[in-house]
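Inspection log for the structure reproduced underneath, given as structure tokens.
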Amino acid sequence: ILNFGARMYDPTIARWNSVDPKANRDVNYSPYAYCRNSPIVFIDPKGEIISGKLSGAIAEFMDQFAKDHNLSVSLDPTKWGSLSNQQILFVFIFLTMGITLLQNSEMVYDLVISDELSKQFNSDRNVGKAWFNKNNGHIELVIPTLDDIGLFAHELTHMIQFELGKMSYEADDTQLCKNPFYDLQDELEAYYIGSFFGQAPPNWSKDYSSIADRTTQQSTYNNPAFKNSSKQSIAGYANNQNIVFKYNGDIYMPKQIKEQLESKKQ
């Protein structure tokens, strides 16, 4: 019997001997399932699964991506084929590794289906976002429909960027994209990933004028203010800037929001 932490696994019969402790969040799968029956896409070192609606959408999204391109991940570059195939495989590996980070993060990532933004901007195309919801402490991928896989891939990339410390989220309801760890490089990467799923490029001068001068990658890891700084000092930075970010495995957010979220758990 192998102890995975949340569950015990019997390798002789290839079965868990108890249900997943988060099975009530995932009623479309057997409570005895492993990684939503998608062990190529997900790993599960603790015997649990990524929670919320997002995990189901990710599993279907990645399974379809692999089938569409007949992908099998190989660490041997000589087997990668043409440049086009190499780019597709790079995207697949980037997303697979990124999703694993999301799955094992202390941050909760979730999915919300809503056309609120499309209506707000009176747009003739789907509009989505990944943002920090201060009411529940989750980072939510908001999208009008799961049929728009380009937009889904784009916003999923922003979640991965947050997990890597490459971008941050505002901790208020305005979401004005004024925080110091959000820049054009974040959007270029997200549109690059989205383009493999049919997402069209934006009008850069119109859609991203607010960050037009941020042409270099800004991240928590290259911020000189954090070098040799204490956790208390970094927490103070998050509080003063009113942002949420990840640095060295820790999640930082404004003190008031953190206290409100902790009080809700009690």
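Coordinate-derived values only; no laboratory data. On a predicted model such as this, the values are computed, not experimentally measured, just so you know.
For Val127, nonlocal amide neighbours, meaning residues 5 or more places apart or on other chains whose placed amide H falls under 5 Å from its own, are Ser118.
When all alpha-carbon pairs of segment 189-230 are counted, what percent fall beyond 11 Å? Taking all Cα-Cα pairs of segment 189-230, the fraction more than 11 Å apart is 75 percent.
Full extension of the chain between Met97 and Ser195 yields a length gain of 33.4 nm, computed as 0.36 nm times the residue separation minus the alpha carbon distance.
For segment 149-225, pairs of C-alpha atoms spaced more than 15 angstrom apart make up 57 percent of the total. Using 0.36 nm per residue and subtracting the Cα-Cα separation, the extra length available between Asn104 and Ser30 on full extension is 24.6 nm. Available extension along the chain between Leu164 and Asp63 is 34.0 nm, counting 0.36 nm per residue and deducting the alpha carbon span. Which entries in Lys129/Lys264; Lys53/Lys231; Lys119/Lys227; Lys134/Lys166; Lys67/Lys264 show an alpha-carbon gap greater than 31 Å? Correct reply: Lys53/Lys231; Lys119/Lys227; Lys67/Lys264.
Scaled against 2.2 N^0.38 Å for its residue count N, the alpha carbon radius of gyration of segment 81-213 is 1.04.
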